[in-house]
Amino acid sequence: MSSKQCVVGIGEVLMDVFESGEATLGGAPFNVVFHLHQLLTALSMGEAVFLSAVGHDPWGRHIRSMVAAAGMSTEYLAEVDQATGSALVFESEGGAGFEIQPDVAWDYIRLSDAAGELARRSDAVIFGSLAQRSEVSRESIRDFVSRVKGHRLYDVNLRRNTTNGVAGYTNEIIANSPKLATLVKMNDLELEEVGSLLGFDLESRDPEERICLFMERLRVEFSLAAVAITRGSKGALLASEGKLFRLPDSTLDQSLVRPVGAGDSFAAGLLFGIMQGWKPELSLDLANILSGWVVQHVSATPTLPESVLSRVRDSVMLAGEATVS
């Protein structure tokens, strides 16, 4: 492990616009990278950057300004002629729906020479499904990810518009994205669709047994280091090192949970731990800490407070002591 780590996300960055009218920074892979940047910089361990595109418009300028204010580089946020992306968010207890604009700036991600150099020096990359809906961005994402020699997290995030049911993914995207990855993360609802599209026959009377069978089948078939399944209030499961690790049921009041970004912050904590070579149980614990903080906020990208960062520092120390012993 190098003394300074570089993590890159590639895909959609957009504005989440809630029914209340509040607008916040969003985009699933961006959310993951945002939290990783907070962790890495707070601990003086490196940085995280995001590669995408925004428009020559007020939202685009706002996104660049907010990214810079968070201490992140804007070098890889290209400006293109298409409008900056946005998504209307419809929250309900335990979940969220979306209306995502078509044909926007992040559908036109192109790799520069500098991006190629960024891939070469990256320790990890995060990508998802949605930004692969366009041919331009799909080719760029797959090209970039294939150049990264470190951890490659496919955070599945299947998005379907609430009002008309239009999917932001295809069978081809689901079938080929795990081939690029070393790690895959999804939620239990996505599991059912992914399993069906991949032709996995996992008939079982017990839902958890079906999940475990799917995770192992996915891990083996795509030679993955780990597979994580989030289950909302029912915790999470992680298949790694040939073993199954569990995160217990949530103790949070579910009526107060704001679901947007919960899975993304979980992915950030999990990947951070994996990058440090932590034991799976400790990585899951950090994932739980981050998601537990984020679900208390409307925004998927709230600033992590010192109370959370101090717990991360404790985890880093604990991991170091476990390594020494």
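The values are calculated or read from the model by the stated rules, or taken from the named source; none is laboratory data. Being a predicted model, the structure only gives us computed values, none of them experimental. When we count neighbours, we look across all protein chains shown, and the Cβ atoms used for this are built from the backbone with ideal geometry, even at glycine.
Could we say that Asn157 is at positive phi and in contact with a helix residue (DSSP H, G or I) (Cβ under 7 Å, 6 or more places away or on another chain) here? It is true that Asn157 is at positive phi and in contact with a helix residue (DSSP H, G or I) (Cβ under 7 Å, 6 or more places away or on another chain).
So which residues in the stretch 89-110 are small (Gly, Ala, Ser) and modelled with pLDDT under 95, if there are any at all? First the steps, then the outcome.
Step one: list which residues in the stretch 89-110 are small (Gly, Ala, Ser), which gives 92, 94-97, 105.
If the condition is that a residue be small (Gly, Ala, Ser) and modelled with pLDDT under 95, then Ser92, Gly94, Gly95, Ala96, Gly97 are the ones that fit.
Scanning the stretch 29-45 for any residue that is in contact (Cβ under 8 Å) with a residue 60 or more places away in the chain, assigned to a loop (DSSP other than H, G, I, E, B) and crowded, with 21+ Cβ neighbours inside 10 Å turns up nothing.
Check Arg121 against each of (1) touching a strand residue (DSSP E or B) at 6+ places or on another chain (Cβ under 6 Å); (2) surrounded by 15 or more Cβ atoms within 10 Å (Cβ to Cβ); (3) under 17 Å from Gln5 (Cα atoms) and name the one condition it does not meet. Exception for Arg121: condition (2).
Considering the stretch 9-28 alone, what residues qualify as being of a type outside the set (Asp, Glu) and either more than 22 Å from Gly55 (Cβ to Cβ) or in a loop (DSSP other than H, G, I, E, B) (or both)? Passing the criteria: Gly11, Val13, Ser20, Gly21, Gly27. Can you find, within the stretch 72-82, the residue that is surrounded by the most Cβ atoms within 10 Å (Cβ to Cβ) among those that are touching a residue at least 24 places away in the same chain (Cβ under 8 Å) and within 15 Å of Leu51 (Cα to Cα)? Across the stretch 72-82, the extreme among qualifying residues is Leu77. Applying the selection to the stretch 46-61, what residues are over 23 Å from Asn157 (Cβ atoms) and not in a strand (DSSP E or B)? Correct list: His56, Asp57, Pro58, Arg61. Check the stretch 247-258 and report whether any residue there is within 21 Å of Asn157 (Cβ to Cβ) and either modelled with pLDDT of 90 or more or of a type in the set (Lys, Arg) (or both). Yes. Of everything listed in (1) without any contact (Cβ under 8 Å) to a residue 60 or more places away in the chain; (2) touching a strand residue (DSSP E or B) at 6+ places or on another chain (Cβ under 8 Å); (3) within 21 Å of Leu282 (Cα to Cα), the single unmet condition for Lys243 is (2).
State whether one or more residues within the stretch 227-236 are among the small types (Gly, Ala, Ser) and modelled with pLDDT of 95 or more.
So the first thing to find is which residues in the stretch 227-236 are among the small types (Gly, Ala, Ser), and the list is 228, 232-233, 235-236.
Filter again for modelled with pLDDT of 95 or more, leaving 228.
Within the stretch 227-236 (the criterion being among the small types (Gly, Ala, Ser) and modelled with pLDDT of 95 or more), the answer is yes, since at least one residue qualifies.
Within the stretch 68-103, how many residues are among the β-branched types (Val, Ile, Thr) and closer than 16 Å to Ala28 by Cα? The number of residues fulfilling the criteria is 3.
May I ask you to verify whether Leu88 is touching a residue at least 60 places away in the same chain (Cβ under 8 Å) and either part of a strand (DSSP E or B) or of a type in the set (Ser, Thr, Tyr) (or both)? Quick ask: steps written out before the conclusion?
Details: touching a residue at least 60 places away in the same chain (Cβ under 8 Å): yes; either part of a strand (DSSP E or B) or of a type in the set (Ser, Thr, Tyr) (or both): yes.
Here the answer is yes, as Leu88 does meet what is asked.
Across the stretch 1-28, the number of residues qualifying as surrounded by fewer than 24 Cβ atoms within 10 Å (Cβ to Cβ) and in contact with an Asp or Glu (Cβ under 6 Å, 6 or more places away or on another chain) comes to 3.
Selection of the stretch 190-205 for residues being surrounded by 15 or more Cβ atoms within 10 Å (Cβ to Cβ) and either touching a residue at least 24 places away in the same chain (Cβ under 8 Å) or not in a helix (DSSP H, G or I) (or both) yields Glu190, Leu191, Glu193, Val194, Leu197, Leu198, Phe200, Leu202. In the stretch 49-66, the condition of being at pLDDT 95 or above, surrounded by 15 or more Cβ atoms within 10 Å (Cβ to Cβ) and more than 30 Å from Val166 (Cβ to Cβ) is met by at least one residue. The one condition from (1) buried (at least 18 other Cβ atoms within 10 Å of the Cβ); (2) closer than 18 Å to Val13 by Cβ that Val136 does not meet is (1).
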